[in-house]
Amino acid sequence: MKNINPTKTFAWQQLKNHFIDIKNIQMKDFFNIDKERFSNYSLFFEDEIFLDFSKNRINYETLRLLFMLARECYLSNAIQSMFLGDKINKTENRSVLHTALRNQLNNNIVVDNINIMAMIKEELKKIKKFSNSIINGDWKGYTGKSISDVVNIGIGGSHLGPYMVTESLKYYKNHLNIHYVSNIDGTEVVEVLKRINLETTIFLINSKSFSTIETISNADYLKNWCFLRTKCKEYFTRHFFALCENITAALNFGIHDKNIFKFWKWVGGRYSLWSASGLSIVLSIGFKNFESLLYGSYMMDQHFLHQELSHNIPVVLALISIWYTNFFNIETEAIFPYDTYMHAFPEYLQQSYMESNGKSIDRNGKLVTWKTSPIIWGHSGTNSQHSFFQLLHQGTMFVPCDFIIPAISHNSVNDHHEKLLSNFLAQTQSLAFGNNIDINSKTIFNSIISNNKISYKYCPGNKPTNSIMLKKITPYSLGALVALYEHKIFVQGIILNIFSFDQWGVELGKLVANSIFNDFFKKNINNSYDSSTEGLVRIYKKWSNI
Ligand code: F6P
């Protein structure tokens, strides 16, 4: 993997000049010039996912220069390196191999002289057997009853990925109720406990490191709570499971070794839903559907590996994002799934994008002078239309957005889906073309400007969107969609010359929280605090009588 400063490339310099030429061009003019713009600026992934990127402030020259940028940054080499298992996560000296978890070929992938494919297959077998026994009712709780509820205790990647997928694929769900406890706020665990019956519930402690304070505190609380209620030593063996990399910590916690499902150091937390960390997904939709999810992501991996840059969906989306972030200077990007099942998708992507690319030191150890990750936000449509879309249409900033919708709904009720789809289309059209009026030209409609005042109804348009249409949200297409975004993030990290697979900023917060926590119980407050933190700790201690 080469460490190229993107701003020093020939393409970057050219893009700067090109930006001056293009920045005032209206989207409607792009469409007027090129009657085939829709077909020229769109791509299929099989017969499953369709990307329309025509409503962007780009033309052929923009794309030509962006592809040149990708080549100058040796993107193709970096892609190969990741798939081959090179230790591209240099700051943690690790390979990045979530792609191996879904690999369908019979090849070997070797990390530190070990063929990891054999380990992955072994673990998948174990997951299959266990999940079947829970779903079929063969696995019995301590009083001999079958399992009805599953509680996943995990945070960050050990929560958001599994949660997003089980929600997105709720249509495929079986009889098991899946609950998630992530926050250290005691309310979450207490509220989940109100909904479950200990006799028929299993707990999955989902933590790669098996040391994350939120997860271990919740797991500890549940362990004691269950023991106090059941008074049964066997309870723990029949009801508690660990999904982790740190086997020793799980054993020390008291988890039976047969109840440990492994994943590995080369699986990043936010890329772990494809591993044992996704056990709650398997329990919710069954192993066969989980296999389809893996297969869909594998096929997207193949697309990413083999399609030339101009037809490579993750590459095209990543480059367009770099274009807005670094040349138009935009600060945020939004994701709007027009599918209720996919409501957790923006939240999931927030972690993937921002924990991966929210960095400011480049791969040469220098502060970046360019922009890395935009802020990612979003919500499900059409609810967002009746909330913050006003700002998208008429606010002072512009926000590139991805609109995502299935062509076929799982729940067709009257003409609901057609109405949903027409809203989806209306939004991307209105954002692109506004009320179709050019404020600077002389042909302004009288109704928009009168007495030298601009109508409050004026919507300028020229706001870019990508439309992503899935044929249907299935395990296969969702797997492909998630992998698409994973690869988009990877491409951005490579070109922006940052390390996408560590999260040292998050680690700092964890360290400081530990030291503050310990201070709550000391008589004297650590006097190395700043006056604000110290003042807040004092008030807290006074009000809570500590
Ligand atoms: O939030 C930081 C982080 O390290 C994430 O990357 C990870 O997904 C999460 O914490 C949970 O970590 P673990 O699975 O080790 O409990």
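The values are calculated or read from the model by the stated rules, or taken from the named source; none is laboratory data. None of these values were measured; they are calculated from a predicted model. FYI the Cβ positions are ideal-geometry reconstructions off the backbone, even for glycines, and counts take in every protein chain you see. The area values use the complete protein model at the heavy-atom level, side chains included, leaving out ligands, DNA and RNA. Shrake-Rupley method; radii C 1.70, N 1.55, O 1.52, S 1.80 Å.
Quick notes
- Residue match in the stretch 461-470 (condition: over 24 Å from Tyr324 (Cα atoms) and either surrounded by 15 or more Cβ atoms within 10 Å (Cβ to Cβ) or touching a His at 6+ places or on another chain (Cβ under 8 Å) (or both)): yes
- Here His256 fulfils each of the conditions (1) within 15 Å of the ligand (Cβ to nearest atom); (2) touching a helix residue (DSSP H, G or I) at 6+ places or on another chain (Cβ under 7 Å) apart from (1).
- Qualifying residue in the stretch 36-46 (condition: of a type outside the set (A, V, I, L, M, F, W, C) and under 24 Å from the mean Cα position of the chain (by Cα)): yes
- Filtering Arg238, Arg229 for residues that are in a helix (DSSP H, G or I), within 21 Å of His179 (Cβ to Cβ) and under 33 Å from the mean Cα position of the chain (by Cα) leaves a single hit, Arg238.
Rundown of residues vs (1) within 20 Å of Ser321 (Cβ to Cβ); (2) of a type in the set (Ser, Thr, Tyr), yes/no style:
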site: Thr7; (1), (2): yes, yes
site: Asp21; (1), (2): no, no
site: Asn24; (1), (2): no, no
site: Phe30; (1), (2): yes, no
site: Ile49; (1), (2): yes, no
site: Leu69; (1), (2): yes, no
site: Ser76; (1), (2): yes, yes
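- Count of residues meeting criterion [within 17 Å of Leu425 (Cα to Cα) and open to solvent by 50 Å² or more (accessible area, probe 1.4 Å)] in the stretch 341-391: 4
- Test: residue in the stretch 489-509 that is away from the ligand (no atom under 16 Å from the Cβ), modelled with pLDDT of 90 or more and closer than 30 Å to Thr166 by Cβ: yes
- Of everything in the stretch 159-175 that is open to solvent by 10 Å² or more (accessible area, probe 1.4 Å) and within 17 Å of Gly268 (Cα to Cα), the residue that is farthest from the ligand (Cβ to nearest atom) is Tyr163.
- Residue in the stretch 188-221 that is farthest from the chain's Cα centre (by Cα), counting only those that are more than 10 Å from the ligand (Cβ to nearest atom) and outside any helix (DSSP H, G or I): Asn197
- Any hit, the stretch 72-80, residues being open to solvent by 40 Å² or more (accessible area, probe 1.4 Å) and modelled with pLDDT under 95: no
- Some residue of the stretch 520-531 being in a helix (DSSP H, G or I) and outside the structural domain of Thr332 (by TED's automatic domain parsing): yes
- All positions within the stretch 3-30 that are part of a helix (DSSP H, G or I), farther than 30 Å from Gln429 by Cβ and in contact (Cβ under 8 Å) with a residue 12 or more places away in the chain: Pro6, Thr7, Phe10, Ala11, Trp12, Gln14, Lys16
- Some residue of the stretch 46-59 being surrounded by fewer than 17 Cβ atoms within 10 Å (Cβ to Cβ) and without any contact (Cβ under 8 Å) to a residue 40 or more places away in the chain: no
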